[in-house]
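> Have a look at the structure that comes next, please.
Values quoted throughout were computed directly from the atomic coordinates according to the rules given, and no laboratory measurement underlies them. None of these values were measured; they are calculated from a predicted model. Glycine gets a Cβ as well: all are built from the backbone with ideal geometry, and neighbour counts include every protein chain shown.
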Amino acid sequence: MFWDFDGTLAVREGMWSGSVVDALRSVDPTIAVDPELLRPHLRSGFPWHEPEVVTAPPLSAEAWGARLAPVFTRALLAQNVPEEVASAASARVLDEYYRVEPWRVIDGTEEALRRTADAGYDNVILSNHGPGLPDLVDALSLSPLIALTITSAAVGVEKPNPLLFAHALRVTDAGDDTWMVGDNPVADVAGARRAGIRALLADGIYPDSRGLTTLQAAHHIITTAADPA
């Protein structure tokens with residue numbers, strides 16, 4: 001069982017724009033920026049915006065963060081934040097993003113993971129994410145239900161690139177009875193199906209992510225396995 005993370009199993013208040021605002025506040029609480037005004041500047045520059053690009057070998061955690069810092073700095077400069085403050089805040093964005101307090105495990109997640117595990121599936125997180133995700137999964141107390149967390153940052157390639165799915169299938173020694181559940185219709189569903197993996201669209205944060213709850217997805221997968229006809 002491959003599960004996406006953001007918007008499927010858990011959600012962070014404010015997402016990336018909120019993280020930038022939190023980082024800015026930690027550097028200079030006198031400067032206020034509307035996170036909605038930051039969003040247009042964060043729609044490019046992340047590795048998952050170029051899924052056709054393969055980074056080999058994968059970047060270290062420090063290098064991965066350094067690659068994103070200019071994206072955050074440009075977004076803040078566009079809101080007339082002084083350059084020195086913008087640069088200092090950008091260096092703190094990843095720490096803010098992976099800080100556990102703003103995160104919330106989506107209702108039904110733990111029960112869904114428990115049901116699929118009880119049915120004999122290994123729950124594996126497969127996510128376009130930074131190096132901090134495994135620690136976040138542990139901080140959210142999901143680790144007992146997760147066999148492995150695979151991040152695109154650790155592999156050097158992003159969903160929907162088939163190379164990431166091929167890597168996941170290989171390292172988990174997955175068989176034919178394998179599924180992907182995620183809230184991104186392109187990266188999760190289309191990408192998985194292209195790699196020969198059955199996939200279900202989950203409810204999520206995207207406008208076109210109107211699929212199943214995690215519990216409904218778990219029920220569908222378990223009943224399909226019990227009655228493949």
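> Could you list which residues have their amide H under 5 Å from that of LEU59, counting only those 5 or more apart in sequence or on another chain, with H placed in the peptide plane?
The list, which skips near neighbours in sequence, is empty: none.
> Also: Quote the relative contact order of segment 13-97 in percent (integer), defining contacts as alpha-carbon pairs under 8 Å separated by 6+ residues.
On the way: 79 pairs, mean separation 37.8, N = 85.
Here the relative contact order equals 44 percent.
> Moving to a separate point now. Between GLU62 and ALA190, how high is the FRET efficiency from 1/(1 + (r/R0)^6) when r is the Cβ-Cβ distance and R₀ = 35 Å? Nearest 0.05. Let's see the in-between values first.
On the way: r = 33 Å, r/R0 = 0.93.
That gives a FRET efficiency of 0.60.
> Additional query: Remind me, relative contact order of the chain in percent, using alpha carbon pairs under 8 angstrom and six or more residues apart?
25 percent
> For the chain, set up a GNM with springs between Cα atoms under 10 Å and report which of SER143, SER19, SER60 has the largest fluctuation.
Residue with maximal mean-square fluctuation among SER143, SER19, SER60: SER60.
> State the answer as a single residue: which of ALA190, LEU201, THR109 lies farthest towards the positive end of the charge dipole of the chain, with beta carbon charges of +1 for Lys and Arg and -1 for Asp and Glu, about the Cα centre.
Checked the options; the winner is ALA190.
> Kindly list the residues of segment 78-122 that lie in the label zone of SER141, defined by a backbone N under 12 Å from the point 7 Å along the Cα-to-C-beta vector.
The answer is 105, 110, whose backbone nitrogens lie closer than 12 Å to the label point.
> Now for a separate question. Assuming R0 = 35 Å, what is the FRET efficiency of ARG99 and ASP177, from their Cβ-Cβ distance, to the nearest 0.05?
Values: r = 37 Å, r/R0 = 1.05.
According to the calculation, E is roughly 0.45.
> Sticking with this structure for a sec: For segment 51-66, take each phi angle, set θ = phi - 60°, evaluate the Karplus expression 6.51 cos²θ - 1.76 cosθ + 1.60, and give the result in whole Hz per residue in order, putting x for glycine and proline.
x, 6, 8, 10, 9, 10, x, x, 6, 5, 4, 5, 5, 4, x, 5
> Let me ask something additional. Could you line up TRP16, TRP48, TRP3 from fewest to most neighbouring Cβ atoms inside 10 Å? Numbers along the way, then the final one.
Working: TRP16 22, TRP48 18, TRP3 28.
If I rank by nearby Cβ atoms, fewest first, I get TRP48, TRP16, TRP3.
> Would you grab the residues whose amide H sits under 5 Å from the one on ILE150? Only those 5+ places off in sequence or on another chain, please, with H modelled 1.01 Å from N.
Under 5 Å from the amide H of ILE150: ILE125, LEU126, SER127.
> For a distance above 28 Å, tell me the whole-number percent of Cα pairs in segment 88-229 that qualify.
Working: 1516 of 10011 pairs.
Counting every Cα pair in segment 88-229, those more than 28 Å apart make up 15 percent.
> For the chain, modelled as a Gaussian network with Cα springs under 10 Å, which listed residue fluctuates most, ASP122, ASP34, ASP22?
Answer for the Gaussian network model of the chain: ASP34.
> Using the Karplus equation 6.51 cos²θ - 1.76 cosθ + 1.60 (θ = phi - 60°), what ³J(HN,Hα) coupling, rounded to whole Hz, does each residue of segment 99-116 give in order, writing x for Gly and Pro?
Running phi through 6.51 cos²θ - 1.76 cosθ + 1.60 with θ = phi - 60° gives 5, 6, 4, x, 8, 9, 6, 5, 3, x, 4, 5, 5, 5, 5, 5, 5, 5 Hz.
> Scan around TRP179 for amide H atoms under 5 Å from its own, H built in the peptide plane at 1.01 Å from N, and keep only partners 5 or more places away or cross-chain.
Counting only residues 5 or more places away or on other chains, the set is PHE2.
> Something else: Post the alpha-carbon centroid distance, segment 136-170 to segment 33-101, in whole angstrom.
Taking the Cα centre of each part, segment 136-170 and segment 33-101 sit 21 Å apart.
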